[in-house]
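Remarks on the structure that follows.
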Amino acid sequence: MTSNPPKRKSRAGGAALEFALILPVLVAIITGTMDYGWYFFQESLVINALREAIRIGSYQSPVDGEAPGACAACSAKTAAVAVAELTSLGFSVTTAQVTPTMESVGDTCAIVLQPAISHVRLIGLVPTPSSYNIRLVGYAQNVSGC
């Protein structure tokens, strides 16, 4: 008498089913990583461009007759360099978006730049910030009286 072993259920589609279940989660993690990586990369480009603009603007001298603590040349040069730098990096900005102000920091005058630059999402499947929240301060070298 021959005994037939019990038949096992087929497991041929198990791996495909597990992959199909984990795929949406995996895609969300990968696209989220890409979106946030893109955001932080772009933010570092913006910060470096604006830092360079403030550095160049801080060495300008006020025109004779300007009020103490004012420097139109500093603000104009900072804005012009910021627009040029950001445009060369592919951002679409105007001078109005990167207009610096002069503020008193202790007993020194400073150029403050708080731009209004929007962030363009790379993929858009996860919520990333829609703009860059940056505030940069650079001491004005040749301005006094703040």
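The values are calculated or read from the model by the stated rules, or taken from the named source; none is laboratory data. Computed from a predicted structure; not experimentally measured. Cβ: placed from backbone, ideal geometry, glycine included. Neighbour counts: every protein chain shown.
Tabulated values for the structure
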read-out: Residue check for Gly14: on the phi > 0 side of the Ramachandran plot, modelled with pLDDT under 90 and out of contact with any Ser or Thr (no Cβ under 6 Å at 6 or more places or on another chain); value: no
read-out: Qualifying residue in segment 73-89 (condition: in contact (Cβ under 8 Å) with a residue 12 or more places away in the chain, over 30 Å from Pro129 (Cβ atoms) and not aromatic (Phe, Trp, Tyr)); value: yes
read-out: Conditions (1) small (Gly, Ala, Ser); (2) without any contact (Cβ under 8 Å) to a residue 40 or more places away in the chain; (3) in a helix (DSSP H, G or I); number of the one not met by Ala53; value: (2)
read-out: Number of positions in segment 106-123 that are over 17 Å from the mean Cα position of the chain (by Cα) and either loosely packed, with under 15 Cβ neighbours inside 10 Å or small (Gly, Ala, Ser) (or both); value: 4
read-out: The listed residue being touching a helix residue (DSSP H, G or I) at 6+ places or on another chain (Cβ under 9 Å), part of a helix (DSSP H, G or I) and surrounded by 14 or more Cβ atoms within 10 Å (Cβ to Cβ), out of Val93, Val81, Val126; value: Val81
read-out: Residues (assigned to a loop (DSSP other than H, G, I, E, B) and not β-branched (Val, Ile, Thr)) located in segment 56-78; value: Tyr59, Gln60, Ser61, Pro62, Asp64, Gly65, Glu66, Ala67, Pro68, Gly69, Ala70, Cys71
